[in-house]
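Novice: Pasting a structure here, questions to come.
The values are calculated or read from the model by the stated rules, or taken from the named source; none is laboratory data. From a predicted model like this one, the values you see are computed outputs, not experimental measurements. We place every Cβ from the backbone using ideal geometry, glycine too, and count neighbours over all the protein chains shown. Side chains included, ligands, DNA and RNA excluded: accessible areas come from the protein's heavy atoms. Shrake-Rupley method; radii C 1.70, N 1.55, O 1.52, S 1.80 Å.
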Amino acid sequence: MKAIVVSDQAAGTAGMTLVERPEPPAATNDVVVQVHASGFVPSELEWPSTWTDRVNHDRTPSIPGHEMAGVVNALGYGATGLSVGQRVFGLTDWHRDGTLAEYVAVEARNLTPLPGDVEFTVGASLPISGLTAWQGLFDHGHLQAGQSVLAHGAAGAVGTMVTQLAREAGAYVIGTGRAADRQKALEFGAQEFLDLDNDTLQDIGHVDLVFDVIGGDIQKRSAALTRAGGTLVTVVGPPEARPTDGLAIDFVVESDRAQLGEIVHRLRDGRLRTNIGTIATLDDAVAAFNPTKRTSGKTIIRVRP
């Protein structure tokens with residue numbers, strides 16, 4: 001099968017190559033999926049799990065990408081709840097070869113049925129951004145109606161999901177980003193927008209929940225804006241700053257079949273929109289992940305026509 005592999009961490013996305021790899025077998029509890037579309041998060045190339053297995057052995061050349069939508073091609077022993085030919089989407093294991101390939105082996109429990117009226121490219125755009133937003137807001141942030149949310153990176157793949165889900169839950173959302181992101185952030189539902197390059201972060205006052213995808217100085221200044229009893233959630237590693245009278249929680253997104261079902265249900269009835277920018281073929285994936293200018297929205301790879 002065709003697959004994108006990485007073997008040099010220092011090279012980043014520029015070190016990606018398109019090669020031929022053997023198709024994965026269907027091990028116990030696994031499903032082999034014929035990938036139709038795949039998502040990729042550039043920060044994957046900074047994760048230890050991309051380069052080593054669970055016992056710290058080198059596993060390169062490894063196939064990155066952990067979001068996908070496709071069709072079940074084979075079932076391993078013990079795999080239940082799915083059938084050959086079924087449309088599925090989901091989030092694959094961090095420590096195993098990923099989805100930038102024509103086939104991927106996934107534990108059956110990590111896959112969710114993909115309704116027939118949802119395109120594969122749309123399905124592949126949902127797992128990381130959708131689950132990250134859902135888990136940060138509700139599992140870790142315990143968001144309630146009437147609360148306020150400071151959503152950093154509000155025009156990004158995660159940020160647009162955070163904004164939409166928070167608004168639907170009855171929250172007031174203040175988005176941040178660069179000046180060029182203002183219109184998109186507002187279109188996705190942010191009620192205010194703050195330009196991190198030119199506006200003063202402290203001017204927004206206090207909020208109940210900070211959703212941090214940036215870290216560093218922005219995270220430190222945001223912690224001071226979290227009101228008593230509030231929460232700062234972050235996906236960029238252990239927090240460097242904590243609210244004086246609140247919580248700081250860092251988390252790694254986890255696969256969750258029920259949550260993905262809720263997310264795709266909202267997408268089908270119009271309550272959620274995806275934030276897809278570029279759609280490229282597997283042959284053109286390396287170039288797509290190394291753009292010559294800043295791109296807007298998530299890059300999705302259409303593996304099959």
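Novice: Are there any pairs with C-beta distances below 9 angstrom linking a residue in the range 41-56 that is surrounded by fewer than 16 Cβ atoms within 10 Å (Cβ to Cβ) to a residue that is part of a helix (DSSP H, G or I), with the two at least 6 apart or on different chains, and if so which?
Specialist: Between residues of the range 41-56 that are surrounded by fewer than 16 Cβ atoms within 10 Å (Cβ to Cβ) and residues that are part of a helix (DSSP H, G or I), the close pairs are Pro42/Gly12; Pro42/Thr13; Glu46/Gln9; Glu46/Gly12; Asn56/Pro48.
Every residue, every condition in (1) under 28 Å from His66 (Cα atoms); (2) of a type in the set (Gly, Ala, Ser); (3) open to solvent by 30 Å² or more (accessible area, probe 1.4 Å), yes or no:
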residue: His206; (1), (2), (3): no, no, yes
residue: Ala228; (1), (2), (3): no, yes, yes
residue: Leu232; (1), (2), (3): yes, no, no
residue: Glu240; (1), (2), (3): yes, no, yes
residue: Asp250; (1), (2), (3): yes, no, yes
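Novice: Take Phe193 and decide whether it is of a type outside the set (Val, Ile, Thr), touching a helix residue (DSSP H, G or I) at 6+ places or on another chain (Cβ under 7 Å) and farther than 23 Å from Ser43 by Cβ.
Specialist: Against the criterion (of a type outside the set (Val, Ile, Thr), touching a helix residue (DSSP H, G or I) at 6+ places or on another chain (Cβ under 7 Å) and farther than 23 Å from Ser43 by Cβ), Phe193 qualifies.
Novice: Name the residues in the range 247-266 that are part of a helix (DSSP H, G or I) and over 16 Å from the mean Cα position of the chain (by Cα), would you?
Specialist: Once the filter is applied, which keeps residues that are part of a helix (DSSP H, G or I) and over 16 Å from the mean Cα position of the chain (by Cα), the range 247-266 yields Ala258, His265, Arg266.
Novice: Restricting to the range 8-25, and then to whatever is part of a loop (DSSP other than H, G, I, E, B) and open to solvent by less than 40 Å² (accessible area, probe 1.4 Å), can you tell me which residue is farthest from Gly65 (Cα to Cα)?
Specialist: The qualifying residue farthest from Gly65 (Cα to Cα) is Pro24.
Novice: Does the range 238-246 contain any residue that is of a type outside the set (Phe, Trp, Tyr), outside any helix (DSSP H, G or I), in contact with a Lys or Arg (Cβ under 9 Å, 6 or more places away or on another chain) and touching a residue at least 60 places away in the same chain (Cβ under 8 Å)?
Specialist: no
Novice: Of all residues in the range 113-127, how many are crowded, with 24+ Cβ neighbours inside 10 Å and in contact with a Leu (Cβ under 9 Å, 6 or more places away or on another chain)?
Specialist: Number of matching residues: 3.
Novice: Can you pull out every residue in the range 64-106 that is among the polar types (S, T, N, Q) and within 18 Å of Val19 (Cα to Cα)?
Specialist: Result: Thr99, single match.
Novice: Going by the conditions given, is Val35 in a strand (DSSP E or B), under 18 Å from the mean Cα position of the chain (by Cα) and either within 29 Å of Asn290 (Cβ to Cβ) or polar (S, T, N, Q) (or both)?
Specialist: yes
Novice: Can you say whether Gly130 is open to solvent by less than 50 Å² (accessible area, probe 1.4 Å) and over 30 Å from Asp93 (Cβ atoms), as far as the supplied structure shows?
Specialist: no
Novice: Also, I was wondering about something else. For the range 267-275, state whether one or more residues are within 23 Å of Thr132 (Cα to Cα) and assigned to a helix (DSSP H, G or I).
Specialist: Taking every residue of the range 267-275 in turn, at least one turns out to be within 23 Å of Thr132 (Cα to Cα) and assigned to a helix (DSSP H, G or I).
Novice: Within the range 57-78, work out how many residues are without any contact (Cβ under 8 Å) to a residue 40 or more places away in the chain and under 26 Å from Pro305 (Cα atoms).
Specialist: 1
Novice: Suppose we keep only residues that are open to solvent by 50 Å² or more (accessible area, probe 1.4 Å) and assigned to a strand (DSSP E or B) within the range 57-85. Which one would you say is farthest from Ala285 (Cα to Cα)?
Specialist: Taking the candidates together, the pick is Leu75.
Novice: With respect to Ala258, determine if the residue is open to solvent by 30 Å² or more (accessible area, probe 1.4 Å), modelled with pLDDT of 95 or more and of a type outside the set (Lys, Arg).
Specialist: yes
Novice: Of everything in the range 28-40 that's open to solvent by less than 40 Å² (accessible area, probe 1.4 Å) and in contact with a Ser or Thr (Cβ under 9 Å, 6 or more places away or on another chain), which residue is farthest from Val286 (Cα to Cα)?
Specialist: Taking the candidates together, the pick is Val33.
Novice: So, one more: Residues that are β-branched (Val, Ile, Thr) and touching a strand residue (DSSP E or B) at 6+ places or on another chain (Cβ under 8 Å): which strands (runs of 3 or more DSSP E) entirely in the range 114-218 hold 3 or more of them?
Specialist: 172-177
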